[in-house]
1. Taking 0.36 nm per residue of separation and subtracting the Cα-Cα distance, what length does fully extending residue 113 through residue 263 add?
2. Restricting to Cα pairs below 8 Å that are 6+ residues apart, what does the relative contact order work out to for region 85-244? Please round to a whole percent.
3. May I ask you to give the percent of accessible area on region 44-196 that is carbon plus sulfur, with a probe radius of 1.4 Å?
4. For region 357-381 and region 149-208, compute the distance between their C-alpha centroids and round to whole Å.
5. Can you send over the solvent-accessible area of residue 259, 1.4 Å probe, protein chains only, in Å² to the nearest 10?
6. Determine the per residue accessible area of region 113-236 with all protein chains present and a 1.4 angstrom probe, expressed in square angstrom.
7. With +1 on each Lys and Arg Cβ and -1 on each Asp and Glu Cβ, how big is the dipole of region 224-281 about its Cα centre, in debye rounded to the nearest 20?
8. Excluding residues on the same chain fewer than 8 positions from residue 201, give the lysines whose Cα lies under 30 Å from its Cα.
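The values are calculated or read from the model by the stated rules, or taken from the named source; none is laboratory data. Keep in mind the model is a prediction, meaning the values are calculated, not measured. We place every Cβ from the backbone using ideal geometry, glycine too, and count neighbours over all the protein chains shown. Calculation scope for accessible area: heavy atoms of the full protein, side chains included, ligands and nucleic acids excluded. Shrake-Rupley method; radii C 1.70, N 1.55, O 1.52, S 1.80 Å.
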Amino acid sequence: MRRRNTDLHARVNADLTLDFGEVKLTSYGGLELFQRYLRRMEFSAMIRSSFEGGPLGGDFGATAMIRLLVGLLVVGGRRLEHLAYMANDPLIQRFCQLRVLPAARTVSRWLKRFTMRTVERLQGLNAAVIAYVIPGLKLHTMTVDVDGTVVSTGLQVERARRGYNPHHRKVPSYYPIMAHLAETTHILRVRNRSGNVHDGKASLGFLRELWGQLLALAPRAARIRFRMDGAFFREDVLKWLRGRGAGYALKVPFYHWLDLQQHIRRQKRWTSVAKDVSGFLVPAVATPWGCTLWVAIYRRKVAHQTAKNFQLDLFDPDDGHYEYSAITSNLDYTLSNLWYFMAGRGNHEKTIAHLKGGLAFDTVPTMAYAANSAWQQLVALTHNLLPIFRSRPASNVAADRANTPHCPCCRRFRRCASLCFIAPQPWCGPAASHCCASRAMLPPNACVRASRGPWRAQHEFFVGSRLAIQARPLSCPLSVRCQQAARRRRDLHEQPSPRARRWFE
């Protein structure tokens with residue numbers, strides 16, 4: 001039924017009383033614990049040592065500006081304009097050790113003061129941060145993934161060129177190359193390049209600098225291995241790797257001068273490697289370099305004919321729906337282990353996705369090439385600080401990694417935007433793992449996962465809205481309740497009620 005006008009409207013005859021108090025709210029509470037860790041590792045002293053006598057002082061100083069940009073990336077900022085949203089936040093000011101935060105234009109001008117020589121100082125700071133934690137882990141093997149990634153830019157950006165940009169072929173871009181440590185997900189080294197640079201042709205200088213850094217990090221008995229794609233299949237790269245005694249696994253392109261197709265045509269029996277994957281070994285493949293290579297050739301069954309991935313140009317007529325790939329290596333791996341080891345390069349792709357999606361690696365803050373290169377170094381520095389912050393003692397690193405040929409990361413990086421990490425956290429045993437995952441009694445945005453090992457709890461939850469903090473091991477508050485619920489279901493031999501099912505889910 002219709003309502004009367006007197007039921008719809010109300011009169012306001014006076015103003016409400018307003019009380020103003022000294023209450024300051026912040027949504028970045030996790031920065032306080034992050035700041036305490038940076039203070040313990042003497043991060044500010046590292047910055048002062050790296051930029052001592054440099055031309056990047058200014059009114060705020062290099063230490064405050066670097067801490068400001070690290071804090072901006074940690075709390076989720078992607079552009080310099082996002083500094084305006086946290087300009088008056090007291091915890092951000094405390095983290096940067098400033099009373100007043102600089103404007104976005106001031107930070108942009110500070111970035112433009114970088115030259116390629118001062119960008120090397122940022123690279124040295126990044127190396128110092130990595131050297132703080134890697135030697136203590138005592139890794140027996142160090143697996144390094146080297147690859148490039150595309151960063152699209154505007155038309156007026158300095159040294160941006162059209163090149164390898166598969167999704168936007170006519171857009172100018174950068175093509176930075178980076179080295180990724182597979183065991184810990186750290187970015188060992190980053191170098192910005194124009195978009196028209198070939199990955200393998202311009203990589204030898206980068207590999208020489210990377211090798212000196214690896215020798216300083218690795219123990220004497222450590223084994224260094226490289227994983228690269230087909231762009232690095234070059235005579236100079238292979239000669240460089242062999243001369244230093246490094247292990248390697250490289251993708252081999254199907255060049256016409258290698259003529260790998262003849263071996264595939266003659267092969268009658270293929271060895272099963274994985275589901276829908278088979279392969280065989282070629283002990284000696286002739287090359288125009290005056291040497292022979294050991295090559296493993298694989299084929300993968302494809303259920304349907306795809307537009308780009310189906311290799312119609314390899315065979316005429318085609319021999320079915322297969323995708324072929326070839327790998328050369330000097331590692332003592334079987335056919336199956338080499339396939340899985342090379343598949344571990346996917347961890348590097350995931351780290352690049354986290355850098356772009358969560359830490360704004362694909363952002364181009366200025367038009368200057370050196371300033372944009374400095375921004376990439378700062379993003380890599382922030383990424384390297386976060387795995388250190390949530391790392392557990394070095395004695396637990398070997399136990400975290402499964403003994404598989406993939407060479408997986410010590411801890412899986414789940415999400416970078418909210419800094420949510422998943423570590424092995426056996427809460428209450430397999431019988432109650434589904435109950436723990438319901439997060440019924442946990443703080444908001446809690447993250448738990450049950451796994452093998454001794455049944456002790458390690459709490460890992462969010463403090464504030466952005467930062468994940470891992471607390472010391474303690475007894476699980478859900479263990480008694482979970483065990484009682486599982487025992488009650490087992491004793492009654494009945495299905496849970498709809499209310500209980502919702503609780504368990």
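1. Between residue 113 and residue 263, full extension yields an extra 48.4 nm.
2. Numbers: 200 pairs, mean separation 35.9, N = 160.
Contact order relative to length: 22 percent.
3. 48 percent
4. 12 Å
5. 60 Å²
6. Here the residues of region 113-236 average 43 Å² of exposed surface.
7. 220 debye
8. 112, 170, 239, 251, 308, 350, 356
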